[in-house]
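Asks: First the structure, which I've put down as structure tokens, then a few questions once you've had a look.
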Amino acid sequence: MASTLPNSAPPPPLANVDLNNTAAARPTTSLAVDPAYAGRSFAIPITEDSMRTRRFYRPFVLDDETASEDWVARLELSSVLKMVEREVLEKEGAERLRVLVLVGSLRKRSYSRLLAYEASRILFRLGCDVRVYDPTGLPVKDDVQHSHTKVQELRDLSKWSDGHVWISPEQHGNITAVFKNQIDWIPLSTGSVRPTQGRTLAIAQVSGGSQSFNTVNTLRILGRWMRMFAIPNQSSVPQAYTQFTDADDPREGGSRLLPSGNRDRLVDCMEEFVKYTLVMRGHFELFGDRYSEREERRGKERAMAKEKELGGKE
């Protein structure tokens, strides 16, 4: 039987089809690597840092010799270093980015904490004022211990920060109670202040088994609920017990993240986090300005004015 299909050119071979629709992508320009920034660090020098802050919030800081030669020091980060130099170090009145790091484990050798320390070292080299909160002693969330010193410390750090980094182990397929307890103690609002409103957020997880994204997905939901801007990238480290050197390993101080695609992804996340935070930090008030809240304030003002008017007639 003869074919009834009209004569037409055959479809192009599958190999030539643009399956990823790259033709629709916005044209981009690759940024040239600036060799002048090789090995440069904008970390806060010990002579300019608070000893109390170093003692309580910077357990990740290495001795000068190790910090100048470790894998973090060798990272090629010229584009973000130039951005930090321009937007922070050379801009009059500008402060370093203030970053709060939260960890979801109390274990002595906690892989989520080790990952948080590596993330903090990258951020520290990029000139950030990094503070890691220790959840030890934080009470279980209730409605009576708001004045507890660990609760007030956590809330004060959140208000102080420009952005957060959240890192939790995955336990029973999701975040740990240790991590969720910290988030539960940070209120959506304290009077007229929102401790997390408009802040940027980077997220990561570690797993004891195969790679999973349950925890980072939950962290992303929590960040949205806390009115934060989670960066698009994220880090998930599987079989974390195989990803770090031993504590007594002489290389780079021990307990360091081994070379892998997982380590590269962590660098990507911290680089992206700093770029987004620098872009957004100057607009926190704008992001916190909402029509519904303006209407609520106007309603209260009208009610107060009416109450005052009625009181004056009595």
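Asks: State, to one decimal in nm, how far the label point of LEU106 lies from the label point of HIS146, with both points 7 Å from Cα in the Cβ direction.
Replies: Inter-label distance under the simple model: 2.4 nm.
Asks: Can you tell me which lysines have their Cα less than 28 Å from the Cα of LYS300? Leave out same-chain residues fewer than eight positions away.
Replies: Answer for LYS300, where 28 Å is the Cα cut-off: LYS159, LYS308, LYS313, listed by chain and number.
Asks: Counting only DSSP beta bridges with both residues in the chain, tell me the antiparallel percent, nearest 5.
Replies: Counting only bridges with both partners in the chain, antiparallel ones make up about 10 percent.
Asks: How much length would be gained if the chain were fully extended between GLU295 and THR29, taking 0.36 nm per residue of separation minus their Cα-Cα distance, in nm to one decimal?
Replies: 91.4 nm
Asks: Which whole DSSP H helices in the chain pass both tests: a Cα extent of 27 Å or more along the axis and a mean Kyte-Doolittle value no lower than -1.0?
Replies: 261-280
Asks: If each of THR22 and LEU310 carries a label point 7 Å out from its Cα toward its Cβ, how far apart are those two points in nm?
Replies: Between THR22 and LEU310, the simple spin-label model gives 7.0 nm.
Each reported figure results from applying straightforward, stated rules to the coordinates on display, with no laboratory input. Remember, it's a predicted structure, so these values are computed and weren't measured experimentally. Backbone-built Cβ (ideal geometry, glycine too); neighbour counts: all protein chains shown.
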